[in-house]
Amino acid sequence: MDNERFIVIKGERPGVYTRRTVVSRGLKWHGGEIIRLIGTINEAEALFEFLKAEGVVEPLPSEFWWGIA
């Protein structure tokens, strides 16, 4: 889908990504938590900024393995 966005809220590089980049760039091939959003990039970025301001976004250190169990 062209309007599918993924928001990394817990991972090595929190932010807004596409399906092609969420695992390699956002999660850096490690685990974490994401939100799937169907909408525009502006809507996804606005939601990410809101979640960041609310303290929901949590960057994880890169020196650990955060695999999903």
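Overview of results
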{"item": "Among (1) modelled with pLDDT under 95; (2) under 17 Å from I9 (Cβ atoms); (3) charged (D, E, K, R) - the single one K52 does not satisfy", "result": "(1)"}
{"item": "Conditions (1) in contact with a Pro (Cβ under 7 Å, 6 or more places away or on another chain); (2) at pLDDT 95 or above: number failed by E43", "result": "(1)"}
{"item": "S24 vs. criteria out of contact with any Lys or Arg (no Cβ under 8 Å at 6 or more places or on another chain) and modelled with pLDDT under 95", "result": "yes"}
{"item": "Test for G55: is it of a type in the set (G, A, S) and either touching a residue at least 12 places away in the same chain (Cβ under 8 Å) or crowded, with 18+ Cβ neighbours inside 10 Å (or both)", "result": "no"}
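The values are calculated or read from the model by the stated rules, or taken from the named source; none is laboratory data. Only a predicted model underlies this, so the values are computations on that prediction, with no experimental measurement involved. Using ideal geometry, Cβ is built from the backbone for each residue, glycine included, and neighbour counts are taken over all protein chains shown.
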